[in-house]
Amino acid sequence: MSIFSGFLAKKALILQSKNKVNEAHAIYEELLAKGKLKQARYLLAYSVLLIKKYEFSKAKEIILMAEKCNELSDEQKKQIYIYYAICLFKLGEQGRAIQLLEKEHRNRTSGLLQQTLGYFYIENNAFDDALAYITESLEYDDEDSIVLDNMGQYYYRKPEPNKEKALYYFKKAIQIKPNQIDTLYFLALYDIENQNYPRAIEKLETALKGNFSPLNYVNPQQLNKMLMELKNKVAQ
């Protein structure tokens, strides 16, 4: 990578960190078209940007390019497995995605892997696997807010919900990360059940300020619709 191309790649990375996604995307595409996007660091960053834009097929291609880079760090190897599995899952290959992360977990685990695999199990309605795995993940790190949220979602979303247990984990998660999108959404559901609409509105408005990804249970459109309905109730 030339000095100028390196400068542009760093610029794209900075823009991406500032959530200036379209500007970063344009630079990554320019470098890619010229064959200048070759370092794993920038390829993986670009793949994350594409995943957040729901461009999973393109992201998968970029991840495979990163896999061919020389001198990959252990952290980059972990990221490649996880990002690739996310693309597979979102492209309809849920079983393959789960098998990939299960294999990686046996070899070397990480917080991000445990967060992602727990999410996969729940989304795939593999609730028995979800409980066993998320329990193990909490033994690994009982202050991981996403893993705590996963456990809350397990109890809330399983065929026979246990909302009291779910609430315990959601409360623990929100204490660690007060702006966690999905946790705020589920806690808002409890407020709605208790007809405490102002508190639910406050939580949903906070959630809407967050940085959404395809791994969120809810999206901005759903939250905005809920907010409108709640505000109408309060106004009546």
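The values are calculated or read from the model by the stated rules, or taken from the named source; none is laboratory data. Model, not experiment: these values are computed from the prediction. No Cβ is skipped: glycine too gets one built from the backbone with ideal geometry, and neighbour counts run over all protein chains shown. Calculation scope for accessible area: heavy atoms of the full protein, side chains included, ligands and nucleic acids excluded. Shrake-Rupley method; radii C 1.70, N 1.55, O 1.52, S 1.80 Å.
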Sulfur and carbon atoms: percent of accessible area, the range 1-69 [1.4 Å]:
56
Ignoring ligands, DNA and RNA, please state the percent of accessible area on the range 187-233 from carbon and sulfur, probe 1.4 Å.
46
Given a 10 angstrom Cα cut-off, can you work out which residue in 168, 121, 185 is the most mobile in a GNM of the chain?
168
Under 10 Å, Cα contacts only: if you run a Gaussian network model on the chain, which one of 17, 137, 47 comes out with the highest mean-square fluctuation?
17
Provide the packing ranking of 216-223, 193-200, i.e. peptides ordered by the mean count of other C-beta atoms within 10 Å per residue, highest first.
216-223, 193-200
Could you state how much accessible area residue 21 has, in square angstrom rounded to the nearest 10, with a 1.4 Å probe and all protein chains kept in place?
40
For the chain, calculated [θ]222 nm from helices alone, where every DSSP H run of n ≥ 4 adds -39500 (n - 2.57)
-24500 deg cm²/dmol
For the range 1-100, how big is the tail of P(r) above 17 Å, as a whole percent of Cα pairs?
50
Just need the relative contact order of the range 132-236 here, percent rounded to a whole number, with Cα pairs under 8 Å and 6+ apart.
19
Accessible-area order (highest first, 1.4 angstrom probe) of the listed residues 141, 128, 191:
128, 141, 191
Which whole-number percent is the relative contact order of the chain (Cα, under 8 Å, 6+ apart)?
10
Just the projected area, averaged over all directions, of the convex hull on the alpha carbon atoms of the chain: how many nm²?
14.0
If packing is taken as the average number of other Cβ atoms within 10 Å across a peptide's residues, how do 205-211, 158-164 rank, most packed first?
205-211, 158-164
Hz values of 3J(HN,Hα) by residue in the range 7-12 - Karplus curve (6.51, -1.76, 1.60), Gly and Pro given as x
4, 5, 4, 5, 4, 4
Integer Hz, Karplus 6.51/-1.76/1.60 couplings in order for the range 60-73, x for Gly and Pro:
4, 4, 5, 5, 5, 5, 4, 4, 8, 5, 7, 6, 6, 6
Are there trypsin sites (Lys or Arg not before Pro) in the range 93-160 that DSSP marks as loop and that have at most 11 other Cβ atoms within 10 Å, and which are they?
108
For the range 1-137 the mean separation of alpha carbon contacts under 8 Å (6+ apart) over residue count, i.e. relative contact order in percent, is 15
In degrees rounded to 10, the 0-90 angle between helix 40-52 Cα long axis and the longest Cα principal axis of the chain is 40
Go through the range 146-159 residue by residue and turn each phi into a ³J(HN,Hα) via Karplus (6.51, -1.76, 1.60, θ = phi - 60°); whole Hz please, and just put x for glycine and proline.
6, 5, 4, 5, 4, 5, x, 5, 4, 5, 7, 9, 5, x
P(r) tail fraction, the range 91-156 - alpha-carbon pairs more than 20 Å apart, %:
19
Based on Cβ point charges of +1 for Lys and Arg and -1 for Asp and Glu, what charge dipole magnitude is obtained for the range 104-236 about its Cα centre, in debye rounded to the nearest 20?
520
Tell me the per residue accessible area of the chain using a 1.4 Å probe; a whole number in Å² is fine.
54
If I take R0 = 25 Å and measure r between the Cβ atoms of residue 143 and residue 179 in this structure, what FRET efficiency does the formula 1/(1 + (r/R0)^6) give, to the nearest 0.05?
0.95
Once you've got the GNM for the chain with C-alpha springs shorter than 10 Å, pick whichever of 26, 85, 12 has the biggest mean-square fluctuation.
26
